[in-house]
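One structure is given here, and the rest of the page talks about it.
The values are calculated or read from the model by the stated rules, or taken from the named source; none is laboratory data. Quick caveat: nothing in here was measured; it's all calculated off a predicted structure. Neighbour counts are summed over all protein chains in view; Cβ atoms, including those assigned to glycine, are modelled from backbone coordinates with ideal geometry.
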Amino acid sequence: MMKNKQTFSIRETAERIVPDELGRSSYLLGLSLIILMLVLITLLLGKLPAVLPLYFTLPWGEARLAPKLMLYLLPGIALIFLIFNLGLGLLLAKLSPLLPKVLSVASAVVAGMMMIALIGVVQSLIL
């Protein structure tokens, strides 16, 4: 009598969660950008001043400033958005086959926008 042995395969799990190639590529790009942001912030944290201009929608002056640790909000927001879109895409995949693709691309776009914002903040301070 043989027992059914199940082995874990990351490829099969990824294909089951996100079945199309565009979705997997978009989520992977978004996750890569988030990791790159975390590494960039960690490496530059010692070179940055104590406060940074982060809240660009507020009036000019001290209201725009935030402690430098608040830079971790950018990859944090992108990660929350990515996880939310992944879960929403899984739930609504039966409703529309296009919706998970749109959500995956939106996750990559949001991560890209957060990366551009981080580069803008850091570039204005270091250069």
Can you say whether ARG64 is touching a Pro at 6+ places or on another chain (Cβ under 7 Å), of a type in the set (D, E, K, R) and either surrounded by 13 or more Cβ atoms within 10 Å (Cβ to Cβ) or free of Cβ contacts under 8 Å to residues at least 40 places away in the same chain (or both), as far as the supplied structure shows? yes
Residues satisfying the stated conditions in the stretch 31-61, i.e. exposed (fewer than 14 other Cβ atoms within 10 Å of the Cβ) and within 26 Å of ALA108 (Cα to Cα): SER32, ILE35, VAL39, THR42, LEU43, LEU45, TYR55, PHE56, THR57
Looking only at the stretch 75-101, count how many residues are surrounded by 15 or more Cβ atoms within 10 Å (Cβ to Cβ), assigned to a helix (DSSP H, G or I) and more than 8 Å from the chain's Cα centre (by Cα). 6
Every residue from the stretch 84-127 that is among the hydroxyl-bearing types (Ser, Thr, Tyr) and without any contact (Cβ under 8 Å) to a residue 24 or more places away in the chain: SER96
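Which one of LEU48, LEU38 is aliphatic (A, V, I, L, M), at pLDDT 80 or above and within 19 Å of the chain's Cα centre (by Cα)?
Criteria check complete, one pass: LEU38.
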